[in-house]
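The values are calculated or read from the model by the stated rules, or taken from the named source; none is laboratory data. Quick caveat, the model's predicted, so the values are computed rather than measured. When we count neighbours, we look across all protein chains shown, and the Cβ atoms used for this are built from the backbone with ideal geometry, even at glycine. Surface areas here come from the heavy atoms of the whole protein model, side chains and all, with no ligands, DNA or RNA. Shrake-Rupley method; radii C 1.70, N 1.55, O 1.52, S 1.80 Å.
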Amino acid sequence: MKKLLITGFEPFGGEKINPSWEAVKLLPDEIGDFLLSKIEVPVVFGKTAETVIEKASEINPDAIICVGQAGGRNFVTPEMVAINLRFASISDNEGNQPKDIPCIEGCENALFSTLPVRKMAEAVSAEGIPCSVSYSAGTYVCNDLLYHVLEHYKNTETKACFIHVPFIPEQTEDKPSLPLATIAKALEIAIESI
Ligand code: PCA
């Protein structure tokens, strides 16, 4: 079987849960051709990427999918691109708040995801779950993680992408949300479609 490392985040920004990790936890250990390794990662610039790359170095996965919360979005959104920019409008979980500095000094301005995000989004929406490709993963820890992973595995056989997921109903009264089971199903369909 092929190996997939899939990550979700700890809560941040005053939230009690993060639907990304809650959904990853619900996934079966095998999906399609993939055997899954799941880890929860911190919301800390730099440390997040180190945690993921360290785990990936141990298991040598064929694919890495990082999942994060995008509160306010109403779709599951596979990310097409990561940009080489950190700008935090709120502190991360260790108090860092970078403003307009590169994720990695001297590296390219942007890197494209190397997993087929278009195909993944089409497969998920074909099953009736709101899902579309996003062209901005933001400038916070999620974008930073995707940028580092894509840079680290550039020109290798390890392919990667990021999937942002909405709030779940338990987190919000007035913002868009999707049930946790629907988010987990979307991830499962996306993985099956690779
Ligand atoms: N979402 C944040 C970081 C952690 C998470 O779940 C982001 O979109 O950058």
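Close Cβ contacts (under 6 Å, 6 or more residues apart or on different chains) running from residues in the stretch 167-193 that are over 17 Å from ARG73 (Cα atoms) to residues that are outside any helix (DSSP H, G or I) and of a type in the set (D, E, K, R) comprise ILE189/GLU127. May I ask you to verify whether TYR135 is surrounded by fewer than 20 Cβ atoms within 10 Å (Cβ to Cβ), farther than 18 Å from ILE191 by Cβ and aromatic (Phe, Trp, Tyr)? When the stated conditions are applied, TYR135 passes them. Quick one: in the stretch 32-57, of everything that is within 16 Å of GLY95 (Cα to Cα) and in a helix (DSSP H, G or I), which residue is most open to solvent (accessible area, probe 1.4 Å)? Ranking the candidates gives LYS47 first.
Checking each residue in the stretch 185-194 for being assigned to a helix (DSSP H, G or I) and within 20 Å of LYS3 (Cβ to Cβ) picks out LEU187, GLU188, ILE189, ALA190, ILE191, GLU192. So in the stretch 138-158, with the set limited to residues that are part of a loop (DSSP other than H, G, I, E, B) and closer than 30 Å to ASN96 by Cα, which one is most open to solvent (accessible area, probe 1.4 Å)? Result: LYS154.
Which numbered condition in (1) open to solvent by 50 Å² or more (accessible area, probe 1.4 Å); (2) in a loop (DSSP other than H, G, I, E, B); (3) in contact (Cβ under 8 Å) with a residue 60 or more places away in the chain; (4) of a type outside the set (Phe, Trp, Tyr) is the only one that LEU115 fails? The failed condition is (1). Picking from residues in the stretch 58-97 that are assigned to a loop (DSSP other than H, G, I, E, B) and acidic (Asp, Glu), the one that is farthest from SER134 (Cα to Cα) is GLU94. If you filter the stretch 6-22 down to residues that are closer than 21 Å to SER37 by Cβ and more than 11 Å from the chain's Cα centre (by Cα), you find that the one that is surrounded by the fewest Cβ atoms within 10 Å (Cβ to Cβ) is GLU10.
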